[in-house]
Amino acid sequence: MQIFKYKATNKGNKTVSGLVEADSEEAAIDLLKEKNLDIISLEKTGGKGSGGFSIVIGGIKAKELVAFSRQFSVLISANVALVQSLKLLTEQTKNLKLKMAISEIADDIDEGVRLSDAFAKKPHIFSKFYVNVVRSGETSGKLDEVLNYLADELEKDYDMASKIKGAMIYPAFVFCGLGIVGVIMMIFVVPKLTAVISETGGELPVATKVLIAVSDFLAGFWWLLLILLVGAVVGFKVLKKVPAVKKNIDKILLHLPVFGRLFRLIYLVRFTRSLHTLLIGGVNISKGLLIVSEVVENQVYKDLILATKKEIEDGNSISLVFSNSKEIPSMVSQMMNIGEKTGKLDVILECITDFYGREVNNMVANLMTLMEPIIMVVMGIGVGLMVAAIILPMYQMSSNF
């Protein structure tokens, strides 16, 4: 697919411009004619659309969506018309996929489609959460305020995700490096050392036998290991789509040593922040819980939220399900109960988000400090076992003389 920049006139003889995605120039012309546009100019841009390999490498990053929301909010606050705001953002946006989406949204609005409905046509970019917050702003007549608040919340989510990913980069890099070095040692270095040891005869220690067996396997069947690794990654992704398997994986994540509490806090902050944003935007509690259940991205918490939604629809308290769950801190359910009784649930949710958000930040910071000694211990054990497997038989040989 290719992207073409066009300038045309619509039914009202008004000049419009934008981007269109098509396989060829002829196909682009046909698409524009279907929209009842008379083409003035049409030229190919320097990038590819959403087809082929660009899907993998040309996605929209969270940072880009945050920037779009922030800029859109500023333009709306300055009383710039919706279509004109989107046209300006189309020119400023560098990501071709997002540029195409904004251009199409601008065209939809120009044809009379509501902004939230235009966003809803792009579910791969704008989530249900995003669309419903925008829709609530349209309904209340406070679109600029809602967009600004949405940008703030997206930025907070992005910052938290960035900190967590940043904390994981160092240990992931170290363990990957150790794995690569270990495999290279096993394939190219260890066989030469163990060959000398084996020629001396005599009974070899168990550690040395294991080292030789692993080395021989990797040297002869390294390709099988590669296939198994790729198969494991692909298989994991496929199995994760099965509801029962995903729920079990999500349960395991919540009870991992060290990381389990961090995951629980992340999901909790995601839930409270998202629900708070929706309530501030005017979305009712029942619909808000339904939307948030899709945002939280953990099946255990999703089930809890949906069960809470059912309890509310039956006339019960929002804190009833949470108070009976081991995955939710008792303070959360108690504070939500107070917020519900006082009619200040949105304020309570904001307090909970701030409190546990700071705790997540502290845990991420402490995680880096904790990972360093763990990495050193793992490295020490690995190197120690390898050295022992080589040195022990040499020590035995020298003691025989």
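Of the candidates Met335, Met379, Met363, which one comes out as most mobile in a Gaussian network treatment of the chain with C-alpha springs shorter than 10 Å?
Met379
Residue separation times 0.36 nm, minus the C-alpha to C-alpha distance between Arg114 and His255: what's the value?
46.3 nm
Given the Cα-Cα distance of Leu226 and Ala27 and 0.36 nm per residue of separation, how much length would full extension add, in nm?
Separation in residues times 0.36 nm, less the Cα-Cα distance, equals 67.4 nm.
Please sort 354-362, 162-170, 295-303 by packing, taking for each peptide the average over its residues of neighbouring beta carbons within 10 angstrom, highest first.
Result, highest mean first: 295-303, 354-362, 162-170.
For the range 84-203, state what percent of all Cα-Cα pairs lands in each successive 5 Å bin, counting from 0 Å until the bin that includes the largest distance.
All Cα pairs, binned at 5 Å, distribute as 2, 9, 11, 14, 13, 7, 6, 5, 5, 5, 5, 4, 4, 4, 3, 2, 1, 0 percent.
Give the peptides 96-106, 312-322 in descending order of average Cβ contacts within 10 Å, highest first.
Packing order, densest peptide first, comes out as 96-106, 312-322.
Need one number: convex hull volume per residue for the chain, Cα atoms only, in Å³.
Here the figure is 194 Å³ per residue.
Evaluate the Debye formula for the range 2-126 with equal point scatterers sitting on the alpha carbons, no solvent, and hand back log10 of I(q)/I(0) at q = 0.15, 0.19, 0.21 Å⁻¹, in q order, two decimals.
Scattering profile of the range 2-126, log10 relative to I(0): -0.70, -1.13, -1.36.
Which value at 222 nm does the chain reach when only helices count, each DSSP H run of 4 or more adding -39,500 (n - 2.57), with the total divided by all residues and rounded to the nearest 500 deg cm²/dmol?
Result for the chain, helices only: -24500 deg cm²/dmol.
Can you give me the three principal axis dimensions of the range 110-179 from its C-alpha atoms, in Å, biggest first?
The Cα atoms of the range 110-179 stretch 58, 23, 17 Å along their principal axes.
Run the numbers for Lys128 and Met379: contour at 0.36 nm per residue of separation, minus the present Cα-Cα distance, in nm.
Going from the current span to full extension adds 85.9 nm.
In Å and on Cα atoms, what radius of gyration and Dmax does the range 110-266 show?
Computed over the Cα atoms of the range 110-266, radius of gyration and Dmax are 26.3, 87 Å.
How far apart, in nanometres, would the label points at Val74 and Arg358 be if each is projected 7 angstrom from Cα along the Cα-to-Cβ direction?
Roughly 3.0 nm, to one decimal.
What FRET efficiency, computed as 1/(1 + (r/R0)^6) with R0 = 45 Å and r the Cβ-Cβ distance, is obtained for Ala388 and Cys351, rounded to the nearest 0.05?
0.25
Take the alpha carbon atoms of the range 336-367, find their center, do the same for the range 93-115, and report the distance between the two centers in whole angstrom.
36 Å
Give me the aspartates and glutamates in straight-line cross-link reach of Lys240: C-alpha distance below 15 Å, same-chain residues under 8 apart excluded.
Straight-line reach from Lys240, under 15 Å: Asp250, Glu297.
In straight Cα distance, which aspartates and glutamates are under 16 Å from Lys5, not counting same-chain residues fewer than 8 positions off?
Candidates past the 8-residue exclusion: Glu21, Asp23, Glu25, Glu26, Asp30, Asp38, Glu43, Glu91, Glu104, Asp107.
Tell me, what is the percent relative contact order of the chain, built from C-alpha pairs under 8 Å that lie six or more residues apart?
13 percent
Using the crude model of +1 on Lys and Arg Cβ and -1 on Asp and Glu Cβ, and no other charge, please compute the dipole size for the chain relative to its Cα centre, in debye to 20.
With only Lys, Arg, Asp and Glu charged at Cβ, the dipole is about 280 debye.
Over the Cα atoms of the range 251-381, what is the Rg over Rh ratio if Rh follows Kirkwood?
Using Cα coordinates only, the ratio equals 1.06.
Span-like helices, the chain: DSSP H, alpha-carbon axial extent 27 Å or more, mean Kyte-Doolittle 1.0 or greater, which ones?
Correct list, ordered by number: 206-239, 345-400.
Based on the Cβ-Cβ distance of Leu306 and Ala213, what FRET efficiency does E = 1/(1 + (r/R0)^6) give at R0 = 41 Å, to the nearest 0.05?
With a Förster radius of 41 Å, E is 0.20.
Kindly provide log₁₀ I(q)/I(0) values, in the same order as q = 0.11, 0.19 Å⁻¹, from the Debye equation applied to equal alpha-carbon scatterers of the range 193-288.
-0.67, -1.00
Can you compute the modelled spin-label distance between Ser162 and Glu372, with each label point 7 Å from Cα toward Cβ, in nm?
Modelled inter-label distance: 2.4 nm.
Readers should treat all values here as calculations from the given coordinates under stated rules, not as data from a laboratory. Worth saying up front: this structure is predicted, and the values here are computed from it rather than measured. Cβ atoms come from the backbone with ideal geometry, glycine included; neighbour counts cover every protein chain shown.
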